[in-house]
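Worksheet: one structure, shown below.
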Amino acid sequence: MVCLGNICRSPLAEGIMKHKLQQAGIDAHVDSAGLLNYHTGSMPDKRSVNTAGKHGIDITYQRARCITKSDIHKFDYILAMDKSNFENLLEYADKGEESRISLILDFAGLGKKEVPDPYYGNTGDFENVYYLLDDACQRIVDKLKISSSLNLV
């Protein structure tokens, strides 16, 4: 799960996906990262923490980090929150690895739409992002139920 700073969208996506995979009994490694190191080591934005908590998901243990080239090799799927993230992630991929990188909503079957960045928004914007990601993650879990050893970032 990858966004720009790894404090709003991608921590929510990580938390939601882990929660849904656990509920489905699927063993998979899920992580999140950002493209920029502005927030490295920081907790998720308090609005993301509050939004996740409101839905019974704890993301307070997460800390922002930057995506690395080794992540592209390590993870089966790299899911970008928006088109800019997607394009930037392609630069990390070696030839033949590009197929591992997708827009999260597209991978979930929701079309080539973007998850809007709620950073400059209000609580309602974070709730909207939560519901988009919740739907996407549920669709992904439904698609992945046939496999039990996946790595997602």
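Listing for the model above:
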{"item": "The lone exception for His73 - which of (1) loosely packed, with under 14 Cβ neighbours inside 10 Å; (2) within 17 Å of Leu133 (Cβ to Cβ) it fails", "result": "(2)"}
{"item": "Per-region count, the stretch 4-43, residues over 16 Å from the mean Cα position of the chain (by Cα) and among the small types (Gly, Ala, Ser)", "result": "4"}
{"item": "Cβ-Cβ under 7 Å pairs, at least 6 apart or on other chains, the stretch 12-35 side over 15 Å from Gly53 (Cα atoms) and without any contact (Cβ under 8 Å) to a residue 40 or more places away in the chain, far side part of a helix (DSSP H, G or I) and not β-branched (Val, Ile, Thr)", "result": "Gly34/Ser10"}
{"item": "Some residue of the stretch 112-119 being modelled with pLDDT of 95 or more and among the β-branched types (Val, Ile, Thr)", "result": "yes"}
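Yes or no, residue by residue, for (1) small (Gly, Ala, Ser); (2) buried (at least 20 other Cβ atoms within 10 Å of the Cβ); (3) touching a strand residue (DSSP E or B) at 6+ places or on another chain (Cβ under 9 Å):
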| site | (1), (2), (3) |
| --- | --- |
| Leu4 | no, yes, yes |
| Gly25 | yes, no, no |
| Ser32 | yes, yes, yes |
| Asn37 | no, no, yes |
| Val49 | no, yes, no |
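The values are calculated or read from the model by the stated rules, or taken from the named source; none is laboratory data. Note that the coordinates shown come from a computational prediction; the quantities given were computed from them, not determined experimentally. Every residue, glycine as well, gets a Cβ built from its backbone with ideal geometry; the counts of neighbours run over all protein chains shown.
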